[in-house]
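One structure is given here, and the rest of the page talks about it.
The values are calculated or read from the model by the stated rules, or taken from the named source; none is laboratory data. Note that this is a predicted model, so its numbers are computed, not measured. Because the Cβ atoms are built from the backbone with ideal geometry, glycine has one as well, and the counts that use them run over all protein chains shown. The accessibility values were calculated without ligands, DNA or RNA, using every heavy atom of the protein model including side chains. Shrake-Rupley method; radii C 1.70, N 1.55, O 1.52, S 1.80 Å.
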Amino acid sequence: MLSFNLKTSERADIFGVIKKYIRSNFKDEFKKYEEDLTELHKLRQSSRIVDSISEINTILEYYGCLDQLESKFNMDPNSEKRLKINFVWKCSLTKKKLCLYDLFFERASLLFNLAAIYGRSAASCNITVEDGIKEAVNFYKLSASVYKYIREELLPNISQTPTVDLSEDTIKMMETLMLAQGQQVVVEKVLKSKMKAQTISKLAMQASVFFEQTIGFLQQSLTQNFFNKNFLPILQYKKLYYHAVANFYYSKFLNTKGKYGMQVARLEYSMGLFNKIKPLYKLIGKESVQKVKEFQKKVKIETTEANKENDILYHEDVPATNTLTKLSTHQIINYVPLPKFEEYVEQDFFNGLVSSETLESGQQAFERFNLIKNNLKEQNEEHTKLIHECYSSLGLPESIYAIDPNGTIPENVFEGVQKAKENGGFQAILENQTTINEMSKASQELLDDIRMKLEKEQQQDNNMRRTYGEKWKRAPSNQLNSKLMDALNQYSSKFQQAKLKDKEIETLISNNFESFQLLERTKEELMKGMPKNTNVNLNNSSQVVVEQIKETLLQLDEMIEKRKKLDTKLDEITEEDLIKLSSQFNKSTILSEYDEIIGDFVSERVGDLKVLVETDYNLQADQLFELKTLNTTFEEEKKKNNLSNTKDVNQMGNNQAQFYLQKITRGIQNHATVIKNCIDGISFYSGLQDKLSELSNNADDWILARNLEMEERLELLPKVKIQNQNQNQNQNLNLNQNQNRYQNQNTYQTQNTFQNQNNNNIDSDEDSDSDSDSDSDSDSDENIPKGFRNNQNNQMYYGGMNQMQNQNRFMNMNQNQNQNRMGMGGMNQFNQGQIGGGLGGIINNVNYGGMNQMQNQNRFMNMNQNQNQGYNPYFQNQNQNQNQNQMRMGGMNQFQQNQQNFGPLSNQNMGGMNYRDPKKKK
């Protein structure tokens, strides 16, 4: 019975990754779950070395733990927030490693080993006893069912193309083989019973069909060369054997129905199938050969007797075997339910830890809250901006203080200047601007680097697809990297928006350069610079208006301060608060309900936002209207007191004080705006760089997996070519599909003169045949043909006695190539070997795809006209009149040499490979 090797794994850092996650999201709660983590880590270590049926409970328990792991943590391979536990498994066939942050890959690899262990256990059962038969059949059913589960439930969810042994065709092959061998066990049992012949025939035929399907999936999976050389012959033998058995027993059934001609046809067909097994005898083992011979002997006796009876008694026509219909089948080996993995888990891991779903729900709630908060802040900012715009349009509060004859600067202006200094002053603006520019440049470089890597991998995949055509079967990169590219484009869009905002801040800084410089002065320096108004004399009514304006300005300033305090309270609501709130959310919660729940929660913390905002905005509108009315009265009073045009900041005299105060207050306001935007910008770029670094790592992991997969496929593709070549060789076919045929014909002339004619047919180009006399393009006295300039002639010597005529003329060749290259894009390389020792021949090797450069030197010694016995360090198997040699170089080029009667050698291109087929000496 056939079975498969197990996958092997390396250590996975489950402990470290989950520890970091818990500490990052739940701070000091790690100690509660440290023991669980340690136990899970040990269980994983134990499960990866299980190799017998007695230990499979470890695999079952660990597999069940993975469900708990997934329920608590985000393990979705397509999520950016997933836990990056690097699972490393080696392919059981190629021994190549694959590393993926993918729990489905871990699951598939575990179950692969479970299925392989079931298959091994079945193969080791004693099927000569009833209990052993039942046990083997059960194990084969379990193994096939596990493979089926891997194929249907796990493989479609693995984020990247897995190892070769986890390809769909390979798993399907293994699954079908388990069904086939389970059916085989049943057939072997019923062959020893008294079951009806027709039933036995159906069971045996189903076994044959299973083995035939297994062969088909094996060939599709491109993995044949990774198995033992006896693997495929054994499958072929079993397919033929059980097909023959099925026909034999069906012939018995036909006998009971009186269909004697059909009976003979089935027996003869069975004998033909047994004869097809004979070439496989050396590869299937002595025990199997003995089994075939015994059954064949039995069939032969039955065939002889049936023929004799039909000839003497029944005289029925015997149909030709190629007209026989397919036999019916009966499948007795079916899939069974898999073990319930959760029943093998002995403890509840991470009990009490907030699940990843709840955590993500809380994080989503926090994101929604931030949207609400930011929307409110934007509204407050817009309404506050209206106040400042009103101030600016009315020249307030500078116009009020500009009429002070003592040149007094309001105390709130000094407070604003001091706050700006505490926030770093003008120097902080310059430093923050430099930091933002550097972070912006670094972000741009990250974006460009990620895009370049993804596009380079995609271009590499496209090149492979163009090179290998339909044989390059893996999914295109532009389909698999779409999520990475979408994320990259989203980040690029946000980055461009940020750059526009940076430009606005740069403009604001440039326009307020002088104002920011004023903020660097001390209180004394500011007072000293304040222009004094000596011609101010307000009456009582004007003083009343001024006081009313000051009161309104104070109320508006208090409103602005109140908004700042509200923003601070909103900022105090943390993500942890929303995670606790997230228990009220579920997947069916719609967005309006989401916002309503969050709104209620926020109102409990800071008050009813709707009432606060509406009341605040309505009061602002009333106060601004009152301010404009008062300012109109104030302007009229100024005209009466000869203080008009104080809003014109370009006027001299009393207007200088107003202009001076405006520059200071605008500096204070814009300093706060610039600093806030700089902080937001630095925070944005910091977060963007973190996300881009994570995206870059994800891209690197994906590209690494794709490159490893590409290397595996490239190793398989040459082997496919060898297989195709062997088929062409066995069938003696000369395929000429967009390929070149090279034929070297050598003819002996009289008087010890040897003439060598080479015909070179390139696709549909015309053949060129000529002898040395008609070669008008030969080079100097050497008659060197086109494309062979600066190279030695290919010559064959007979003990120095023979002369050479017309040395190797090749037409349609590239004259610019200097290394015996044909005019075929530099793809073919010819190397010449001269043969000595009394007899020699010319050997021209053709190398396709520029993969191997072959130098072939054959030495034939002690030869005469009656016997060809040559020693060749590369070619063996000597015959008296024929020397057939086969050579594989690098898995790509295969040469066959047939030398008869000392005939010269030649090259032909057969089916895209190099094929050496000598012409017989005339």
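Can you order the peptides 84-95, 669-680 by their average number of other Cβ atoms within 10 Å per residue, highest first?
84-95, 669-680
Working out 0.36 nm times the residue gap between E551 and K676, then minus their Cα-Cα distance, what length gain in nm do you get to one decimal?
42.1 nm
Distance cut-off 23 Å, Cα to Cα: go down the list K172/K471; K7/K172; K148/K278 and report the pairs above it.
Over 23 Å Cα-Cα: K148/K278.
Using a basic spin-label model with each label point 7 Å from the Cα along Cα→Cβ, how many nm lie between K298 and V613?
About 8.9 nm separates the two model spin labels.
Counting only residues 5 or more places away or on other chains, whose amide H sits under 5 Å from the amide H of T8 once H atoms are built in the peptide plane?
Under 5 Å from the amide H of T8: K90.
Would you work out which of L454, W472, A487 lies farthest towards the positive end of the dipole of region 435-502, given +1 charges on the beta-carbon of Lys and Arg and -1 on that of Asp and Glu, about the Cα centre?
My answer, from the dipole projection, is W472.
Under the classification rounded if a/c is under 1.5, otherwise prolate if a/b is larger than b/c and oblate if not, where does region 112-251 fall, given a ≥ b ≥ c as square roots of the Cα gyration tensor eigenvalues?
It comes out prolate by the Cα gyration axes.
Within region 91-199, what whole-number % of the accessible surface is contributed by carbon and sulfur, with the 1.4 Å probe and all protein chains included in the calculation?
Numbers: 1770 of 3750 Å².
Using a 1.4 Å probe with all protein chains present, region 91-199 comes out at 47 percent carbon and sulfur.
Set the bar at 18 Å for Cα to Cα. Now go through K501/K676; K421/K523; K523/K638 and name every pair that lies beyond it.
K523/K638
Within the set of other residues whose C-beta is less than 15 Å from the C-beta of I59, count the net charge using Lys and Arg as +1 and Asp and Glu as -1. Display every interim value, and only then the final one.
Values: positive: K7, K42, R44, R48, R107, R120, K340; negative: D51, E55, E61, D67, E106, E342, E343, E346.
Here the charged neighbours net out to -1.
Taking K20 as the anchor, which lysines have their alpha carbon closer than 24 Å to its alpha carbon, excluding any fewer than eight residues away along the same chain?
K31, K32, K42, K72, K81, K84, K580, K691
Under a point-charge model restricted to the Cβ atoms of Lys and Arg (+1) and Asp and Glu (-1), what is the dipole moment magnitude of region 135-190 relative to its Cα centre, in debye to the nearest 20?
140 debye
How do 318-328, 481-491, 228-238 rank on mean C-beta neighbours within 10 Å, highest first?
228-238, 481-491, 318-328
Taking K and R as +1 and D and E as -1, what net charge do the other residues with C-beta under 13 Å from the C-beta of T214 add up to?
0
From the backbone phi of region 212-220, what are the Karplus-calculated ³J(HN,Hα) couplings (6.51 cos²θ - 1.76 cosθ + 1.60, θ = phi - 60°) in whole Hz, Gly and Pro given as x?
5, 5, 4, 4, x, 5, 4, 5, 5
Spelling out what I want: for every residue of region 678-693, take phi, set θ = phi - 60°, compute 6.51 cos²θ - 1.76 cosθ + 1.60 (Karplus), and round to whole Hz; glycine and proline get x.
Here the 3J(HN,Hα) series is 5, 4, 4, x, 5, 4, 4, 5, 5, x, 5, 5, 4, 5, 5, 5 Hz.
Taking K441 as the anchor, which aspartates and glutamates have their alpha carbon closer than 13 Å to its alpha carbon, excluding any fewer than eight residues away along the same chain?
Within reach: D449, D502.
Rounded if a/c is under 1.5, else prolate if a/b is larger than b/c, else oblate: which is region 1-148, with a ≥ b ≥ c the root eigenvalues of its Cα gyration tensor? The partial results should precede the final answer.
Working: a/c = 2.82, a/b = 2.17, b/c = 1.30.
Prolate shape, in that a/c is at least 1.5 and a/b is the bigger ratio.
Quick check: residue separation of S541 and T467 times 0.36 nm, minus the Cα distance between them. What number comes out in nm?
17.3 nm
Report the local net charge at M559: Lys and Arg +1, Asp and Glu -1, summed over other residues whose C-beta lies under 12 Å from its C-beta. Let's see the in-between values first.
Details: positive: K562, R563, K564, K565; negative: D557, E558, E561, D616, D622.
Charge balance near M559 sits at -1.
With a ≥ b ≥ c the root eigenvalues of the C-alpha gyration tensor of region 446-485, is it rounded (a/c under 1.5), prolate (a/b larger than b/c) or oblate?
Values: a/c = 5.15, a/b = 1.98, b/c = 2.61.
It is oblate, given that a/c is not under 1.5 and a/b is not larger than b/c.
Explain nothing, just compute: Karplus ³J(HN,Hα) = 6.51 cos²θ - 1.76 cosθ + 1.60, θ = phi - 60°, for every residue of region 701-716 in order, whole Hz, x for Gly and Pro.
4, 5, 5, 4, 4, 5, 5, 5, 5, 4, 4, 5, 5, 5, 5, 6
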